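S.K.: I'd like to ask some things about the structure below.
The values are calculated or read from the model by the stated rules, or taken from the named source; none is laboratory data. It should be emphasised that the depicted structure is a prediction, and the values quoted were computed from it without experimental measurement. Note that each Cβ is placed from the backbone with ideal geometry, even for glycine, and that neighbours are counted across all protein chains shown.
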Amino acid sequence: MYMYKAKIVLAAFLAVMISNTVPLYAEQKVEGSLSLTVDAKSAVIMEPFTGKVLYAQNPDERLAPASVTKIMTILLIYDAIEQGNIAYDDIVSVSEHAAKMGGSQIFLEPGEKQTVRDLLKSVIIASANDASVALAEFVSGSEESFADLMNKRAAGLGMANTQFKNACGLDAEGHYTSAFDIALMTRELISKYPQVYDYTKVWQDTIIHRTKRGDEEFGLTNTNRLIKWYNGATGLKTGSTGKALYCLSGTAERGGMDLIAVVLASPDPSARFQEVMKMLDYGFANYKMMDGKEPGTDAGTVRVSKGGRDELPVIVRGSVRTVVPKVSTGGLEPEIRIIGSVSAPVADGAKVGEIIYRYNGAEVGRSDLVTGAGTEEASLLEMMGKVWGMWF
């Protein structure tokens with residue numbers, strides 16, 4: 001029954017504070033740019049459309065992620081909503097286990113009723129542990145069962161250095177991930193469910209506690225200072241515990257390009273924001289997007305045998321984008337490959353080839369070429385007319 005009540009959008013991460021860590025530095029240089037140093041144990045910059053990593057420092061090291069964990073929780077909640085297993089207006093009854101989570105919380109009480117929508121909002125904006133666990137139990141019946149779902153989803157995304165033990169990110173033996181894996185799940189969340197920005201961009205909001213004492217308004221404040229401090233910031237999730245130190249998966253958009261910047265084990269609460277902002281600046285300053293032909297662009301024609309039409313228009317089906325250093329010159333080099341002919345009947349939108357894009361000789365993407373119209377098989381009379389035309 002709980003499996004069908006899956007509504008958990010856990011994404012507002014926690015922010016506990018710790019210091020006394022020796023900063024680790026890594027340098028990476030893009031031709032024509034200044035070098036980048038990151039004051040954190042692990043860091044990654046990723047362009048989400050292509051998944052290309054623009055900078056990496058110990059990207060695969062297994063570390064405690066704190067509340068950045070909730071990105072996966074949120075992803076699973078959106079999955080459950082999309083699949084129709086739960087809905088935003090479903091009512092969740094808070095368990096004693098969820099109510100006693102501690103850490104960053106909205107102080108839910110055992111037996112309190114909240115909608116999936118308000119719990120989700122509380123997770124994303126205020127990084128509420130109690131709301132995260134309440135949603136996890138609503139989806140899977142128990143937090144442990146939900147953690148199994150988290151690990152299966154992680155495996156499907158290729159998160160090879162990740163193991164989740166809980167839905168909120170509190171320190172636990174065997175609960176770990178990596179900066180690269182966090183970038184992967186961040187990419188999946190913002191690409192598949194961009195509606196998450198409706199919450200990640202909110203600085204303050206409220207929910208209503210409905211308990212035996214009556215209705216009480218409770219304020220939510222975003223734990224992610226990027227949305228106040230950084231031009232173009234869109235999200236996403238903070239995290240901090242004694243073991244994890246200070247973590248952040250930050251997202252931003254400028255000039256038609258999105259970036260994800262992840263830091264793990266930053267030495268103090270302000271440093272994680274400063275380092276992510278520096279990483280985002282580096283990415284936007286040194287890289288740009290290049291686009292292939294727009295979907296629907298004419299790409300030629302394909303011959304048709306035994307059809308009412310002798311040829312059909314061919315168009316580009318999908319988008320291709322790639323990220324390159326800004327110092328690069330030239331553009332994408334398209335190669336159009338269309339099959340020799342097709343036999344009628346031919347449906348509108350039938351695949352008849354591919355367009356392959358190369359940059360500096362290396363393939364960077366490809367898209368299907370499809371028919372821009374269809375045709376039925378020619379009638380006997382039409383065929384006779386074509387033969388007549390060929391001879392005379």
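S.K.: Any idea how many residues of the stretch 287-305 are in contact with an Asp or Glu (Cβ under 9 Å, 6 or more places away or on another chain) and buried (at least 17 other Cβ atoms within 10 Å of the Cβ)?
M.R.: Result for the stretch 287-305: 3.
S.K.: I've got another one for you. Within the stretch 151-169, can you find the residues that are part of a helix (DSSP H, G or I) and farther than 20 Å from residue 244 by Cα?
M.R.: Within the stretch 151-169, 152, 153, 155, 156 meet the criteria.
S.K.: Which numbered condition in (1) surrounded by 15 or more Cβ atoms within 10 Å (Cβ to Cβ); (2) assigned by TED's automatic domain parsing to the domain that holds residue 129 is the only one that residue 256 fails?
M.R.: (1)
S.K.: Give 121, 165, 113 a once-over and let me know the one that is at pLDDT 95 or above and in contact with a Gly (Cβ under 6 Å, 6 or more places away or on another chain).
M.R.: Every option except 165 fails the conditions.
S.K.: How many residues does the stretch 313-363 contain that are under 17 Å from residue 52 (Cα atoms) and part of a strand (DSSP E or B)?
M.R.: Within the stretch 313-363, residues that are under 17 Å from residue 52 (Cα atoms) and part of a strand (DSSP E or B) number 10.
S.K.: Here are some residues: 172, 183. Which one is closer than 21 Å to residue 65 by Cα, small (Gly, Ala, Ser) and part of a helix (DSSP H, G or I)?
M.R.: Matching residue, one of 172, 183: 183.
S.K.: Considering the stretch 329-357 alone, what residues qualify as being over 16 Å from residue 300 (Cα atoms), surrounded by 15 or more Cβ atoms within 10 Å (Cβ to Cβ) and within 31 Å of the chain's Cα centre (by Cα)?
M.R.: 332, 357
S.K.: Please go through (1) within 23 Å of residue 154 (Cβ to Cβ); (2) at pLDDT below 95; (3) of a type outside the set (Val, Ile, Thr) for residue 85 and return the number of the only condition it doesn't satisfy.
M.R.: Unmet condition: (2).
S.K.: Which one of these is over 27 Å from residue 271 (Cα atoms), modelled with pLDDT of 95 or more and of a type in the set (Asp, Glu): 47, 96, 61? Even if it seems obvious, please write down each step before you answer.
M.R.: Numbers: 47 fails: over 27 Å from residue 271 (Cα atoms); 61 fails: over 27 Å from residue 271 (Cα atoms).
Of the residues listed, the single one that is over 27 Å from residue 271 (Cα atoms), modelled with pLDDT of 95 or more and of a type in the set (Asp, Glu) is 96.
S.K.: Only one of (1) part of a helix (DSSP H, G or I); (2) buried (at least 16 other Cβ atoms within 10 Å of the Cβ) fails for residue 97. Which number is that?
M.R.: (2)
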